[in-house]
Amino acid sequence: MWGGRRAKETEARTAAAKMLPALGRGIQKSAASPSGLAALLGALGSGTHSRYVDHPEELAEQSSIDDGNSILGLKPPTHALSLSGNERY
């Protein structure tokens with residue numbers, strides 16, 4: 001029982017350490033303007049982000065990454081392409 005809890009805690013600490021630098025940059029960018037700060041606070045207040053405390057493994061899911069990027073006002077990398085089937089190779 002305790003081993004699983006420690007593993008989750010270690011997993012959560014590792015995930016937090018990896019995302020903190022990007023989180024800090026995103027918050028600085030958002031807080032640079034009054035409207036950006038208001039949007040950031042609104043997004044954080046309206047979401048269900050506390051679930052990541054109990055389920056840190058969800059932080060690695062693309063939907064969680066997209067949610068975080070959206071909150072921070074970050075756009076996906078330019079190399080990420082959506083393949084609609086119309087692309088030519």
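Laboratory data are not the source of any read-out in this text; all were calculated from the coordinates shown. None of the values given here were measured: they were computed from a predicted structure. Note that we place each Cβ from the backbone using ideal geometry, even for glycine, and neighbour counts take in every protein chain shown.
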_Residues of type lysines that K29 reaches as a straight line, Cα spacing below 27 Å, ignoring anything fewer than 8 places off in the same chain_ = K18, K75
*Give me the distance in nm between label points sitting 7 Å out from Cα along the Cα-to-Cβ direction at R25 and S70, one decimal.*
2.2 nm
*For L74, what charge total do you get from the other residues with a beta carbon under 12 Å from its beta carbon, if Lys and Arg give +1 and Asp and Glu give -1?*
+1
_Under 11 Å from the E57 label point (7 Å along Cα→beta-carbon), backbone N, the range 1-31_ = 8
*So, counting K/R as plus one and D/E as minus one, what does the shell of residues with Cβ under 15 Å around Y52 add up to?*
-4
